[in-house]
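The values are calculated or read from the model by the stated rules, or taken from the named source; none is laboratory data. It should be emphasised that the depicted structure is a prediction, and the values quoted were computed from it without experimental measurement. All Cβ positions, glycine included, derive from the backbone under ideal geometry; neighbour counts span all protein chains shown.
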Amino acid sequence: MVAGSEASNGSKPRQRHVQAVDDRTLTSMMEELQIGLVTSVAATAGCLVERVGKDLFGMDVRFIRPPMTPLEEEVHLLAQLKSTTQTVPDPAKGWFSYQFSKRAYLEQLAKPRRNYKSILIVMTMPQNQAEWTEATHEGLLIRRASYWRHLEGVAVSPTVDKPSVRLSTSDIFDAPTLIKLMDRVDREEKLHD
């Protein structure tokens, strides 16, 4: 563990679990890495990513798939992006938990939506920021994966301030998955099997 800065009240310094390149920018860099990943996945799937400028409704990005013909509509899917260095999903276990820092984040995903459907995308990353990516002649490797879940209709207990949800380790967010999700949105089908 890496020690955090000295507490202002003279108590012991807070222990950190992340080895940041620069502590001042760590959270912003986690967001940038995830935006890079979802943008790359969307480009591979033939979709655009539009960042939501204000976090009024708990969504960070909107995926847009252009229509095949001028007479068809675009397909839209909203996503809330979260990232964590505190878990290493084990595919043998089949799932992992993610805890929201605020109850409102889960409530925004759980509420029924008539128009745009929404998903949660949780990116897991190493604790050492310098290990997040590796470039070789074969390509750019982004360490760990992102997982998705559709949470519409999930009950949110009124007594829990920081609710947790389970994500399946088989629900990796990649280009084939995004194509499948956009097809289901277009056909007005359920997003999960």
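The set of residues in region 161-179 that are of a type in the set (D, E, K, R) and surrounded by 15 or more Cβ atoms within 10 Å (Cβ to Cβ) comprises 171, 174. Of everything listed in (1) more than 14 Å from the chain's Cα centre (by Cα); (2) surrounded by fewer than 16 Cβ atoms within 10 Å (Cβ to Cβ); (3) in contact (Cβ under 8 Å) with a residue 12 or more places away in the chain, the single unmet condition for residue 68 is (3).
Scanning region 181-192 for residues that are within 26 Å of residue 93 (Cα to Cα) and surrounded by fewer than 15 Cβ atoms within 10 Å (Cβ to Cβ), we see that the one that is modelled with the highest pLDDT is 190.
For residue 112, the criteria (1) at pLDDT below 95; (2) of a type outside the set (Asp, Glu); (3) farther than 23 Å from residue 187 by Cβ hold in every case but one, which is (3).
Where in region 26-89 are there strands (runs of 3 or more DSSP E), lying wholly inside it, with at least 2 residues that are hydroxyl-bearing (Ser, Thr, Tyr)?
Output list reads 75-84.
Within region 72-103, restricting attention to residues that are of a type in the set (S, T, N, Q) and more than 22 Å from residue 39 (Cα to Cα), the residue that is surrounded by the fewest Cβ atoms within 10 Å (Cβ to Cβ) is 101. Applying the selection to region 148-160, what residues are surrounded by 15 or more Cβ atoms within 10 Å (Cβ to Cβ) and under 29 Å from residue 66 (Cα atoms)? Correct list: 148, 149, 150, 151, 152.
Only a single item in (1) under 23 Å from residue 104 (Cα atoms); (2) at pLDDT below 65 is not met by residue 51, and it is number (2). Tally up the residues in region 140-182 that are free of Cβ contacts under 8 Å to residues at least 12 places away in the same chain and either among the acidic types (Asp, Glu) or more than 15 Å from residue 63 (Cα to Cα) (or both), please. Final tally of qualifying residues: 5.
Residues being hydrophobic (A, V, I, L, M, F, W, C), assigned to a strand (DSSP E or B) and at pLDDT 90 or above: count how many of those fall in region 134-151.
Looking only at that region, the number is 2.
Residues satisfying the criterion are present in region 14-30 (criterion: hydrophobic (A, V, I, L, M, F, W, C) and at pLDDT 80 or above). Restricting attention to region 155-175, the residues that are within 16 Å of residue 191 (Cβ to Cβ) and in a loop (DSSP other than H, G, I, E, B) total 4. Within region 104-133, the set of residues being surrounded by 16 or more Cβ atoms within 10 Å (Cβ to Cβ), outside any loop (DSSP other than H, G, I, E, B) and not β-branched (Val, Ile, Thr) comprises 105, 106, 108, 109, 110, 117, 118, 120, 123, 129.
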